[in-house]
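So the structure is just underneath, and the comments pick up after that.
Please treat every number below as a calculation from the coordinates, not as lab data. None of these values were measured; they are calculated from a predicted model. Reconstructed Cβ throughout: ideal geometry from the backbone, glycine too, with neighbour counts over all protein chains shown.
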Amino acid sequence: MVSTPALKGFIYSVAEAGSTAKVNYDSTDTVYDVYYKAPLIETLQKPVTRTIYYVYVDGNTEGKPALPKPNQQTVNFTETIEINPFDGSIKSEWSPKTEAFKTVPTPLLSGFYPDQESIQGKEITHNDSDDEFVVRYAAPLVNVKETKDVHQTIYYVYADGQTAGRPELPPTDEQVLQFEHTVVRNPWNNTLFRVPIFGVLHKSLRYCRPPRLRDLSRTYYKQVVGMTLLTIVMIWNSPSNIHP
């Protein structure tokens, strides 16, 4: 038996030709014909598509930035089918064998935040089906009325604690300044987008000039508690208690 030589682009009728029978001088000549034919070729296309849609979570687009257009990626796979012209058997091969969708970062929309920062890439084959993703945008969660109070309190007292026969002490002076800020939070996980900053960073407390009491001098004692309370105690001393 003789193996049939291959011819590129053609298919032979038999893989081997000839005989294994024994022959002698009385044997007759034998002839074997091996036929070559081009195969029947068919091709099929299969596209696999991934589409990303961008929407507002509340479905309302009026007065808002225009949404990004859908992002679409398509990969075409080609199947080459080869049909044997002698026995009708079929061979099939796909090209490419694998492909991949690229990672797509989510476009930014001013004042709105997406539920996904990107759609990740993915390796696919001809066996995969079309895929769809939806990225949703929402406005941030805003707390407008977070406040913080800063107090200043001034007390007026006699150094020796005695008030009998002396001028009436001034009433306690108290001032309160209130600061307000806006906190912006991620609408999807409630985390802070940024550290809150008070809208007005500085305010001035009203200056209070201590009143004079006859024949008494003033000394000042200040005490600060935390960041929100300033206490000032003004003490009057009689002349005999004044040190040089």
Would you please give the residues with an amide H less than 5 Å from that of residue 106, counting only those at least 5 places away or on a separate chain, with H modeled from the backbone geometry? 118, 119
Projecting each Cα onto the charge dipole of the range 38-86 (Lys/Arg +1, Asp/Glu -1 at the beta carbon, about the Cα centre), which of 59, 78, 41 comes out farthest on the positive side? 59
What net charge do the residues around residue 128 carry, taking every other residue with its C-beta under 10 Å from that of residue 128, with Lys and Arg at +1 and Asp and Glu at -1? -1
In what order do 126, 181 fall by count of nearby beta-carbon atoms within 10 Å, going from fewest to most? 181, 126
Calculated from backbone phi, Karplus (6.51, -1.76, 1.60) coupling profile of the range 103-116 in Hz, x at Gly/Pro: 5, 10, x, 6, x, 7, 10, 4, x, 9, 10, x, 7, 9
Sorted largest first, the C-alpha extents of the range 18-139 along its principal axes in whole angstrom are 102, 20, 15
Using modelled amide H (1.01 Å from N, peptide plane; none on Pro or chain starts), what sits under 5 Å from the amide H of residue 40, excluding residues fewer than 5 places away? 83
Low-density loop chymotrypsin sites (Phe, Trp or Tyr not before Pro), the range 15-100, at most 15 other Cβ within 10 Å, DSSP non-H/G/I/E/B, are 25, 32, 35, 86
I'd like the GluC sites (Glu not before Pro) in the range 1-82 restricted to DSSP loop residues with at most 10 other Cβ atoms within 10 Å, sorted by number. 62
